[in-house]
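Structure record follows, encoded as structure tokens.
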Amino acid sequence: MRIRAAYYQQFDADYTLDVPGEGYGGWQHSDIEIAPEHTALVVMHAWDCGTREAYPGWYRAVEYIPRSQRICKMIFPKLLNVVREKNFHLIHVAGGADYYKKYPGYQRAACLAPKKPGLERVPHDPVYDRLRKFRAEHVFVGRHNEDDVRRGFAALDFAPEARPLDTEPVAATSDQLFALCRHLGVNHLIYAGFAINGCLLTSPGGMVDMSRRGLICSAVRQAVTAIENKETARKELAKELALYYVGLLYGFVFEVEDVIAALEK
């Protein structure tokens, strides 16, 4: 099938300009070919984070939670409905706690990719421990927020709008996601979920790990949000920069209505 896609043209720098990079082509659009049998929508870390009243410290540290909730309510139902109706591959990537282990789709993924020993880690020393403690208190999440975040993760679950059906695979590691892709014959992953510049890039099952295994990794613009900072939050500039990374380094950026229209054809 064919679908309209955005990609970033990182050439040609123009050295007649004061800033040569301003000569780049920038965002371009084209109708590209997608092989449905080799492509999957990946819904990653679409969490039910509870309410701000229940976990105020979590919301203070993670300001994108309300945006993710709006996306789950406004974007996911129609997108996931058409994906399911058309039998397009749908894979869920979970993490952060063990809420996913009760789902049949996870049990199947775990069987496809037997558990391996964890990564070897460097030894700690007192200075290391103090540095990590300093970061936790002064960078993220803040000492006064720690208890709420801890309680929130203890109650973590899939967002209702993103809860897997019993027939849908659920991966919690990069090895499991790769095993599912190999089993299904998938070589192109289209990501939705949270956050595009954090978990979707670097967490287990994210674009960094999967692109190293040869998969094209794309994203749906309206189905993701980003970790924003004080300087970027008003215009969601961190999301725009992350989508640039996707369009440059990993794959393509799709508009949700274009995905739905292509599937409905």
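The values are calculated or read from the model by the stated rules, or taken from the named source; none is laboratory data. Small disclaimer: the values here were computed from a predicted structure and weren't measured. Quick reminder, even Gly has a Cβ in these numbers, built from the backbone with ideal geometry, and neighbours come from all protein chains shown.
Could you check Tyr100 against (1) buried (at least 19 other Cβ atoms within 10 Å of the Cβ); (2) on the phi > 0 side of the Ramachandran plot and say which number it fails? Condition (2) is where Tyr100 drops out.
Okay, residues lined up against (1) within 24 Å of Leu200 (Cβ to Cβ); (2) assigned to a helix (DSSP H, G or I); (3) aliphatic (A, V, I, L, M); (4) out of contact with any Phe, Trp or Tyr (no Cβ under 7 Å at 6 or more places or on another chain):
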{"position": "Tyr106", "(1), (2), (3), (4)": "yes, yes, no, no"}
{"position": "Phe134", "(1), (2), (3), (4)": "no, yes, no, yes"}
{"position": "Gly152", "(1), (2), (3), (4)": "yes, yes, no, no"}
{"position": "Pro164", "(1), (2), (3), (4)": "yes, no, no, no"}
{"position": "Glu168", "(1), (2), (3), (4)": "yes, no, no, yes"}
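Of all residues in segment 31-53, those that are on the phi < 0 side of the Ramachandran plot and among the acidic types (Asp, Glu) have Cβ atoms under 6 Å from Cβ atoms of residues that are surrounded by fewer than 14 Cβ atoms within 10 Å (Cβ to Cβ) and at pLDDT 95 or above, 6 or more apart or on another chain, in Asp31/Arg2; Glu33/Arg2.
Consider segment 69-104 and keep the residues that are β-branched (Val, Ile, Thr) and farther than 17 Å from Asp258 by Cα. The one that is nearest to the chain's Cα centre (by Cα) is Val93.
Tallying residues that are farther than 30 Å from Phe153 by Cα and either at pLDDT below 95 or under 22 Å from the mean Cα position of the chain (by Cα) (or both) within segment 33-50 yields 6. Of the residues making up segment 197-211, those that are under 25 Å from Ile3 (Cα atoms), assigned to a loop (DSSP other than H, G, I, E, B) and touching a strand residue (DSSP E or B) at 6+ places or on another chain (Cβ under 8 Å) are Gly205, Gly206.
Looking only at residues in segment 4-59 that are under 26 Å from Lys265 (Cβ atoms) and charged (D, E, K, R), the one that is surrounded by the most Cβ atoms within 10 Å (Cβ to Cβ) is Arg4.
Can Leu165 be described as surrounded by fewer than 19 Cβ atoms within 10 Å (Cβ to Cβ), among the aliphatic types (A, V, I, L, M) and under 22 Å from the mean Cα position of the chain (by Cα)?
yes
May I ask you to verify whether Gly214 is assigned to a loop (DSSP other than H, G, I, E, B), on the phi > 0 side of the Ramachandran plot and over 16 Å from the mean Cα position of the chain (by Cα)? Judged against the criteria, Gly214 is a match. Across segment 68-95, the qualifying residues are those that are out of contact with any Asp or Glu (no Cβ under 8 Å at 6 or more places or on another chain) and under 30 Å from Ala136 (Cβ atoms), and the one among them that is surrounded by the fewest Cβ atoms within 10 Å (Cβ to Cβ) is Arg70. Applying the set (1) in a helix (DSSP H, G or I); (2) more than 29 Å from His38 (Cβ to Cβ) to Gly118 leaves exactly one unmet item: (1). Of all the criteria given as (1) closer than 22 Å to Gln222 by Cβ; (2) touching a residue at least 60 places away in the same chain (Cβ under 8 Å), the one not satisfied by Gly26 is (2). Answer yes or no: is there a residue in segment 1-15 that is on the phi < 0 side of the Ramachandran plot, touching a His at 6+ places or on another chain (Cβ under 8 Å), β-branched (Val, Ile, Thr) and modelled with pLDDT of 95 or more. No: segment 1-15 contains no residue that is on the phi < 0 side of the Ramachandran plot, touching a His at 6+ places or on another chain (Cβ under 8 Å), β-branched (Val, Ile, Thr) and modelled with pLDDT of 95 or more.
Look through segment 117-150, keep the residues that are within 23 Å of the chain's Cα centre (by Cα) and in contact (Cβ under 8 Å) with a residue 24 or more places away in the chain, and return whichever of them is nearest to Tyr55 (Cα to Cα). That would be Val149. For segment 136-148, the count of residues that are polar (S, T, N, Q), touching a Lys or Arg at 6+ places or on another chain (Cβ under 6 Å) and farther than 24 Å from Met207 by Cβ is nonzero. Would it be correct to say that Asp12 is out of contact with any helix residue (DSSP H, G or I) (no Cβ under 9 Å at 6 or more places or on another chain) and among the charged types (D, E, K, R)? Considered against the rule, which asks whether it is out of contact with any helix residue (DSSP H, G or I) (no Cβ under 9 Å at 6 or more places or on another chain) and among the charged types (D, E, K, R), Asp12 comes out as no.
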